[in-house]
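As structure tokens, the structure follows; a few thoughts come after it.
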Amino acid sequence: MQTGTALKEKAEKAITKVAMYGEDFDLNEFEVGTREVPLTDDLEDLDSDLKQTLVNVGVLPDEKDRSGSFLMLDNAISHSSISDPDIELMSLHEAMEKHDWLEDYSWKLVSVDADKYTAKSYLENANGYFIRAPAGKKSSMPVQTCLVMGHKDATQTVHNILIVEEDAQLDVITGCTTKKGVERAMHLGISEIYVKKGGVLNFTMIHNWAEDIGVRPRTAIHLEEGATFVNNYILLKPVRSIQSYPTAILAGEGAFARFHTIAVAHPGSELDLGSRVLFNAPNTKAELVSRTITTGGKITARGEMVANELHSKGHLECHGLVLSNKGTQRAIPILEANVDDVELTHEAAVGRIAKEQVEYLMARGLSEENAVGMIVRGFLDVGITGLPEELAADIDKTIAQIGKDAI
Amino acid sequence: MLEVKDLVVEIGGRTILNKVNLKVEQGSTTVLFGPNGAGKSALLMTIMGFSGYNVVSGQIIFNGEDITSLSVDERAKRGLGIMTQRPPNMTGVKLENLVNAISTEDSLDTDAIAKKLDMERFMERDVNVGFSGGEIKRSELLQLSAQNPCLYLLDEPESGVDLVSIEEIGKTIDELLASRSKCFVDHNKRGNSALVITHTGQVLDYVEPDMGYILCNGTVVCKGHPREMLKEIKSQGYGECIKCKRGQL
Ligand SMILES: Nc1ncnc2c1ncn2[C@@H]1O[C@H](COP(=O)(O)OP(=O)(O)OP(=O)(O)O)[C@@H](O)[C@H]1O
Ligand SMILES: [Mg+2]
């Protein structure tokens, strides 16, 4: 095991290490986000602007149909509450004090010296959420977590650990966003996720940033025998730059991972979104589906599947719509088989909406705007369910606007 | 109700329709015959206003209005509805959502028609994606029932349909044509009309035709009684018709 000192040394060496993908941010240009944040007993007590901000990323202040809520503001925890006695939810720092064994889960899937962003998060001793579903327990309702940046020109560093123990089941909705008026800031988020034998984790993440925000999540998921991980990622609003490439390690026989990504790149946005699956055990399966739209921004949709064991089966689908002459769509699928008897397939397509489809709907009496809206909505519909109504309504509005702007 | 006058149409610079003249009277069913490649589908697509069908000259008059340069949706709003030969795959667009989006206060009872056409289990499917030939036709009819047009442009409604389904589809077409019209309220007369392309004439077992045209090489070569035309085509092919009737036009 690596000692704290050894990790610290590694991190210090990596503090200027440029990441493999995405724009290189100079973190010295940003202040360290504050740890002095107001505590909130009840999310309903937040001011109405902030409540709306939460709702727009699927986090419900009234906590209706939620088994727990967690709110991190800048670099500290503002609220943490759990109503489901079977689920553990607290800040990571608190959890580390409570559970000695948690050491074995921290900085194990993500390495501190991966790049400057991981190094920075380590050196700042980033806090975040800890969620654990004990063996055999099923959360009846999702846990919601929200990470909000409240100050301009600051960084938020987050470190989360999620553990779904054997045969447990957990749903998490997490929203990452900025307070109104915070146009420029930097979000760094480390997430280490463990799904043990037979466990199931449904993880839905909604991002909603502002024009000049940089976002660098670093996520890895470890799946044991028969474990299931479903990841939904939704980004529909403007941002300056997001680069993320979560990796799922299918370490146990029969493990399954699914990544759904839906994202829109507005003018000025640069999105580099991927997902990677390592098939490290026999009979493992994965599905990577990405649907991206550019209305003027740049998108790189990556997907990588590496089959290291027999009977791995994976499908990768990257579809990109170009709704503006100024936008760029790049799809980069990578398939790698290191043993025989595996089945990895991919399907990638980028292009504009087929006129034939628009006219088909117009011939039924829909206006061009409604026809395009309907096609865009259909394009983005990859079957993500369980989104709160308020969010679904906001998504609908955004899509309608995209349809309008496209013609 | 529909009048096509001296219509000349190009696709990609090539003349596909040359001086086509044709009329569909209100409440009538007009049949369009003609060999493969004659331009029948092109004529229907042009009447509906699809892009790529470039009108060089001539006019399309619908209910007294020149609609030659109207957009597709404007034509649909005025009461034109089409079942095309090869509708596109609409990935992500569920049949149910589409039917709901088309529906207005003028719509027919789509629930009943979906049931009748045995399309209920297709409502959650993406429109046309993986649909069989017959399923496409039934889905088109369901959409048309939501649209409730006054002029049905039907491109080979029976092609690719099994013998049992033909009866269902034929009867449904007849029913749609006989249902209340959003354009005309005249209780003595059918409000809705149709322009139907057929090779086999099977649909005419269920829908009574009033007038027939034969299109050849992009132009109308015969006009006459549709059943007799069909008999003639069946026994002698198109060659005879073109030769015999040319002088009579
Ligand atoms: N998009 C296109 N580009 C080039 N040529 C076309 C296009 N669409 C139609 N054509 C040509 O126009 C002619 C008429 O085609 P159309 O589809 O109207 O024939 P049709 O009478 O409906 O034949 P069928 O009975 O086989 O359906 C054909 O020669 C066809 O190849
Ligand atoms: Mg045809």
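Every number here is computed from the coordinates shown, using simple stated rules; none is lab data. This is a predicted model, so every value here is computed, not measured. We place every Cβ from the backbone using ideal geometry, glycine too, and count neighbours over all the protein chains shown.
Of note:
- Near B:N97, once Lys and Arg are set to +1 and Asp and Glu to -1 for all other residues with Cβ below 14 Å from its Cβ, the sum equals -1.
- The calculated P(r) of the stretch B:2-243, using every Cα pair and 5 Å bins from 0, goes 1, 6, 14, 18, 20, 17, 13, 7, 2, 0, 0 in percent.
- Number of partner chain Cβ atoms within 10 Å, mean per residue of B:78-86: 2
- As a rough guide to protection, the peptides A:287-293, A:87-93, A:395-401, B:199-205 ranked by mean Cβ packing within 10 Å, highest first, stand as A:287-293, A:87-93, B:199-205, A:395-401.
- Across chain A, C-alpha contacts under 8 Å between residues 6 or more apart give a mean separation that, scaled by the residue count, equals a relative contact order of 11 percent.
- Angstrom value of the Kirkwood radius, inverse mean 1/r, which spans all Cα pairs in the stretch A:267-407: 16.7 Å
- Shape call, the protein assembly as shown: gyration tensor on alpha carbons, a/c limit 1.5: prolate
- Neighbouring partner chain Cβ atoms per residue of A:373-381, average, 10 Å criterion: 4
- Rounded to 10°, Cα long-axis angle of helix B:133-147 versus longest principal axis of chain B: 80 degrees
- By average C-beta atoms within 10 angstrom, highest first, the peptides A:30-40, B:215-225, B:31-41: B:31-41, B:215-225, A:30-40
- All other residues whose Cβ lies under 11 angstrom from that of B:K171 are scored, Lys and Arg at +1 and Asp and Glu at -1, for a net of -4.
- Mean-position separation - Cα centroids, the stretch B:1-38 and the stretch B:74-106, in angstrom: 23 Å
- Estimated from helical segments only, the mean residue ellipticity of the protein assembly as shown at 222 nm is -7000 deg cm²/dmol, where each DSSP H run of four or more residues counts as -39500 (n - 2.57).
- Modelled FRET efficiency - R0 30 Å, B:K234 with B:D162, Cβ distances, 0.05 increments: 0.90
- Applied to the stretch A:55-70, the Karplus parametrisation 6.51 cos²θ - 1.76 cosθ + 1.60 on θ = phi - 60° returns per-residue 3J(HN,Hα) values of 4, 5, 10, x, 9, 9, x, 7, 6, 5, 6, 10, 8, x, 9, 9 Hz, with x for Gly and Pro.
- Global geometry of the stretch A:53-186, whether rounded, prolate or oblate, following the gyration tensor of its Cα atoms and the 1.5 cut on a/c: oblate
- Here A:K152 is the anchor, and the lysines within straight C-alpha reach of less than 18 Å, apart from those fewer than 8 places off in the same chain, are A:K179, A:K180.
- Within a straight-line Cα-Cα reach of under 16 Å, A:K355 can be paired with the following lysines, leaving aside sequence neighbours fewer than 8 residues apart in one chain: A:K404.
- Helix B:226-245 vs. chain B, principal-axis angle (Cα, 0 to 90°, nearest 10): 40 degrees
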